[in-house]
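Undergrad: For reference, the structure I am asking about is given below.
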Amino acid sequence: MNKKIDKLLISLSLTLVLLIVGFLYFKPVESQQIANSIFGSMTHWFGSFTLLFTFFGLLLLVFVAFSKYGKIRFGDELPEYSTFKWVSMMIACGLGSATVYWAFIEWAYYINTPGIGIEANSQRAFEMALPYNMFHWGFSAWTLYSLVALPICYHFYIRKNNGLSLSSIISSITGIKQNGVIGRIVDIMFIFICFGGLSITLGVSVPLVSNVLSTVFGITSSFKMNVILILLISVVYSLSSYIGLQKGMARISNWTTKLALLFCVAIILVGPGIFIISNSTNALGLMLQNFVQMSLFTDPIGQSGFPESWTIFYWLYWITYAPFTGIFIAKVSKGRTIRSVIANTLISGSVGCFFFFGVISSLSIDRQLKGMVDMVGMLAEGNDNMAIIEVLQTLPFSSIFMILFCIVSVLFLASTLDGAAFTMASTATPGLSENEDPHPMHRLFWCIMLAIVPLTMIFIGADLNTIKTSAIITGVPVIFIMLIMIVGWMKWMIKDFGNLTSENIGTIFHKKVPNKEDSDK
């Protein structure tokens, strides 16, 4: 096992994070203004570029999947994980517990500020709320993850280059030094993005779980309770990370997916099941029907600000998560074909989100339409957590649903943090080869850091939205890193397999894995 650790990278990354946290503490107003100003400029100048990059990225993946290159297999062995465990790990790492939060409330924001020129508070606004939910968490989001995962898979398993980090693949493609200035900037930015994105996930999820538990057990939610929850989650994902992906992450993500399915099926059975199925079916049709318009909607005439506030924001949000999710997907996709990776990220990941959002958002919409919970009004007043609790309380056996909600949220969060700790340890372990993992103690170190930084921010009262905005701002330069990776990946495939037929490629990889079963079906 490779035990080298890049101490300089760790030191520089943590110093940057501490400096930014300190700035948030001492200059909260100024830091918020600076972050918002930069973000506004970024979405203004690069908004259309971001939409086009994502849309054509999806088309590229579909083309590659159906081309002869789709038969290329990553590695010379059978897949390490069953398809269900593999997909569960990708979903758990890529989504996190914020998914549970947004599934309940996101649709309500689209009622007063709908997209594609729809009149606010109209019937059409209600009809298009869930389709926009599905759109923002569907094919395009998973496209951005795949566009990072596939070049890294190719770099790691086909080209047999060492190093499971962004700087290592950029170095392999361009020839720049991995430990040079540019390589260092890329890896430091990656680690900062991980802290920024995961801090806001903890900042949203922990107070919500705390409030739900307080409601169930009749106790008062407090900072102390939030700390206990973060420590509990930290113990779970730290133990999982220490014992490894096969025994830890695979099992937790497997439980998470099954419990999330149980949660949704139970809501259908005891809640407004017919409405949920009908509304989800209608929403899926509307999303598919309007997909191209929603993907490229910039609203240059109406200038409502919707694209910048939602679609462009979301694509940059996914892009900030894409490097660590992509590295993780690459690590667990050994033995899979390019076609299988694309199909299971784009289709399995999206369908999972469609089902989850379809059930939970439709439950919330039903309660709004029946006048049981005023979700739209409560969100306008900033009572988002209480709105979610009131929706859960409308269900029979509400206490059981709320406890299950908390368990799913905690496991989702633990899975995401476990995956993040693994990829951060991989980045700070130079020269990692195909059959090596970062040292368990190194992974444990990042687990501890991922708990300490959010705890510190909550304790000092730092504005989590500022660090979220700061992390998302880095999404624009990450797009250019992704472009380099995509172009390099295309050149590699053409050079390595361009002169071969589809049958030749299939035969090559069949010979390498002579006893393989068709595990990609």
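Undergrad: Please work out which residue is surrounded by the most Cβ atoms within 10 Å (Cβ to Cβ), limiting yourself to the stretch 108-134 and to residues that are within 13 Å of residue 307 (Cα to Cα) and touching a Gly at 6+ places or on another chain (Cβ under 9 Å).
TA: 132
Undergrad: Another question, then. When you check residue 308 against the structure, is it out of contact with any helix residue (DSSP H, G or I) (no Cβ under 7 Å at 6 or more places or on another chain) and among the acidic types (Asp, Glu), yes or no?
TA: no
Undergrad: Go through (1) open to solvent by 10 Å² or more (accessible area, probe 1.4 Å); (2) within 19 Å of the chain's Cα centre (by Cα) and name the single condition residue 332 misses.
TA: That leaves (1) as the condition not met.
Residue by residue, here is whether (1) loosely packed, with under 14 Cβ neighbours inside 10 Å; (2) at pLDDT 80 or above; (3) of a type outside the set (Lys, Arg); (4) part of a loop (DSSP other than H, G, I, E, B) holds:
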| residue | (1), (2), (3), (4) |
| --- | --- |
| 198 | no, no, yes, no |
| 204 | no, no, yes, no |
| 220 | yes, yes, yes, yes |
| 224 | yes, yes, no, no |
| 252 | no, yes, yes, no |
| 260 | no, yes, yes, no |
| 264 | no, yes, yes, no |
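Undergrad: Does the stretch 400-413 include one or more residues that are free of Cβ contacts under 8 Å to residues at least 24 places away in the same chain and within 26 Å of residue 207 (Cα to Cα)?
TA: Scanning the stretch 400-413, I find at least one residue that is free of Cβ contacts under 8 Å to residues at least 24 places away in the same chain and within 26 Å of residue 207 (Cα to Cα), so the answer is yes.
Undergrad: Further question: Could you list, ordered by first residue, the pairs with Cβ atoms under 6 Å in which the first is in the stretch 144-163 and over 20 Å from residue 79 (Cβ atoms) and the second is of a type outside the set (A, V, I, L, M, F, W, C) and surrounded by fewer than 24 Cβ atoms within 10 Å (Cβ to Cβ), at least 6 apart or interchain?
TA: If the second residue must be of a type outside the set (A, V, I, L, M, F, W, C) and surrounded by fewer than 24 Cβ atoms within 10 Å (Cβ to Cβ), the pairs left are 147/57; 161/172; 162/431; 162/433; 163/431.
Undergrad: Identify the single condition in (1) more than 15 Å from the chain's Cα centre (by Cα); (2) buried (at least 24 other Cβ atoms within 10 Å of the Cβ) that residue 319 does not satisfy, given that it satisfies every other one.
TA: Here residue 319 clears every test but (1).
Undergrad: Which count do you get for residues in the stretch 1-38 that are at pLDDT 85 or above and among the aromatic types (Phe, Trp, Tyr)?
TA: Selection size over the stretch 1-38: 0.
Undergrad: Right, next: Which of the residues spanning the stretch 1-36 are of a type in the set (S, T, N, Q) and within 30 Å of residue 139 (Cα to Cα)?
TA: 36
Undergrad: Scanning for something modelled with pLDDT under 95 and touching a strand residue (DSSP E or B) at 6+ places or on another chain (Cβ under 7 Å), does the stretch 73-96 turn up at least one residue?
TA: So far as the stretch 73-96 goes, yes, one or more of its residues are modelled with pLDDT under 95 and touching a strand residue (DSSP E or B) at 6+ places or on another chain (Cβ under 7 Å).
The values are calculated or read from the model by the stated rules, or taken from the named source; none is laboratory data. Since we're looking at a predicted model, the values are computed, not measured. For neighbour counting, all protein chains shown are included, and Cβ atoms are generated from backbone atoms with ideal geometry for every residue, glycine included. Protein only, heavy atoms only, side chains kept; ligands, DNA and RNA dropped before computing areas. Shrake-Rupley method; radii C 1.70, N 1.55, O 1.52, S 1.80 Å.
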